[in-house]
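Chemist: Quick one: this structure, given as structure tokens, is what I'll be asking you about.
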Amino acid sequence: MTRYAFVAIDFGTSNSAVALPAGAAGVRLVELEPGQPTMPTAVFYRADTPPQQAEAERLYGRAAVGAYVEGVEGRLMRSMKSILGSSLLDQATDLGGGRSVRYRDVVTGYLRRLKSLAEAAAGQPIERAVLGRPVFFVDDDPARDAQAGAALEAAARAVGYTEVHFQYEPIAAALDHESRIDTEQLVLVADIGGGTSDFALVRAGPRRRGRAERRDDILGNHGVHLAGTDFDRHLELAAILPLLGYRARRPARAGEAAREVPSGIYFDLATWHLINTVYAPARVAELRAMRAWYDDPRHYRRLMAAVEERLGHALAAAAEQGKIDVATQGRADIDLDPLEAGLRAELLEAQAAAALEPDVQRIVEAAVATVRMAGVARDGVDVVYFTGGSTGLRPLVARIAAEFPAAAVVRGDRYASVAQGLGLHARAVFESSP
């Protein structure tokens, strides 16, 4: 069996990456899109697929997001990883044109795309894989967490992998860090991505490098199901959705105080994997009957535009860009022209910090708990290693680092560290087996 007969897959909430072995002991990332070693975890189903075609035409990654932004008729699916372990997994969603798809099959289809790209790069079929997984798919619910892991394994086997191994994503990041150090270190990995914030306290160093079994070097791991998509949701609720009536008051009735309009529609509109549920005909009909509930007609008009024109994902993307702008510039001026000409939302750093504070605090507490559960003092940590897309949020990184003042702060590749570490783990697992 040749050296390309196995693959490592980082199936992320927001972005994915794939690694193949390279050279005597290294790995290389597969080019998933032209010039890009990572690809957004996104699928777009075209509604204009000819009816004689059995399945809807699909676009992946940046092409999927681009088709949606350009107004191509169809359905965009993102954050598919968040569906694992949920009751949505075996439900179907309408694609238009008389077609529907189960969410489980959306996940399987995306993994099949990654497999085909890996096999094209390797020049041969691949049947063995290591996949990354968060410490917890689902917080505080072992049964649903196990269900999520089983669903991911089933999807991997459905696309043709006959041997499937898993490794925790933060431990994979530690292996990537270990490949570049020449001293023994106690490393706290903070892997904060799109869906989860995962931590692992790991012994790393040249004497341990390349071992297939590293269980004794993992002193502790912990995580919470909070990360970038949660940040986006909170910021959308704080800065954008009030313009559509979130937390607005109904007209006062005789003898009673004005109450808030129902908030459920706004929470679903701000949650990637629930946005499509807002477009269901019954849901739209219900909203059309609620005009009298809004004291400000502009709020209702904008809400209905967002639903009837299917702008939910565009609003979520605007919130994500607002998060990036606040992190890099201290403020964001969010363009909402697709919703209403000239409409803009302002997001200031203090407002963003207040909206994110509960989640940031829980993530910091998870980092501290990881070290405490390992029985290690905070000043015993040598390095805090940051990876994952959401570590671009500087206040979050600073808050975590402040809890371990004796540790050096090292930033890995935000989008590729986990895939590279999974590749190294795959080499150790498969090259040591007969």
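The values are calculated or read from the model by the stated rules, or taken from the named source; none is laboratory data. A quick note: this is a predicted structure, and the numbers were derived from the prediction, not measured. Note that we place each Cβ from the backbone using ideal geometry, even for glycine, and neighbour counts take in every protein chain shown. Ligands, DNA and RNA are stripped out before the accessible areas are found, and what is left, the full protein with its side chains, is counted by its heavy atoms. Shrake-Rupley method; radii C 1.70, N 1.55, O 1.52, S 1.80 Å.
Chemist: Return one whole number: the accessible area per residue of the chain in Å², for a 1.4 Å probe.
Modeler: With all protein chains present, the chain gives 42 Å² per residue.
Chemist: In whole percent, and with a 1.4 Å probe on the protein chains, what portion of the accessible area of the chain is carbon and sulfur?
Modeler: On the chain, the fraction of accessible area on carbon and sulfur atoms equals 51 percent.
Chemist: Right, here's the next one. Using alpha-carbon positions, what is the distance between the centroids of segment 344-406 and segment 174-205, in Å?
Modeler: Segment 344-406 and segment 174-205 have Cα centres separated by 15 Å.
Chemist: At 222 nm, what helix-only mean residue ellipticity would the chain give, in deg cm²/dmol to the nearest 500, using -39500 (n - 2.57) for each DSSP H run of four or more?
Modeler: That comes out to -11500 deg cm²/dmol.
Chemist: Would you please name the chymotrypsin sites (Phe, Trp or Tyr not before Pro) within segment 237-280 that are DSSP coil residues with at most 10 other C-beta atoms within 10 Å of their C-beta?
Modeler: Answer in residue order: no site qualifies.
Chemist: Right, another one. Residues with amide H under 5 Å of V159's amide H, sequence separation 5 or more or different chain, H placed in the peptide plane at 1.01 Å from N; which?
Modeler: Close amide H contacts, sequence-distant or interchain: none at all.
Chemist: For the chain, compute Rh as the Kirkwood radius over C-alpha pairs and then the Stokes-Einstein diffusion coefficient at 20 °C and 1.002 mPa s; write the answer in µm²/s, rounded to an integer.
Modeler: Approximately 94 µm²/s, per Stokes-Einstein.
Chemist: Taking the simple approach of a point 7 Å from Cα along Cα-to-Cβ for both R209 and D337, what is their distance in nm?
Modeler: 5.1
Chemist: Additional query: Where in segment 131-231 are there trypsin sites (Lys or Arg not before Pro) that are in a DSSP coil and have at most 16 other Cβ atoms within 10 angstrom of their Cβ?
Modeler: Answer by residue number: R180, R207, R208, R209, R211.
Chemist: So, one more: Provide the net charge surrounding P405, with neighbours chosen by a C-beta distance below 9 Å and charges set as Lys +1, Arg +1, Asp -1, Glu -1.
Modeler: Local net charge: -1.
Chemist: Using a Förster distance of 30 angstrom, determine the FRET efficiency expected from the C-beta separation of E33 and R157, and round it to 0.05.
Modeler: With a Förster radius of 30 Å, E is 0.70.
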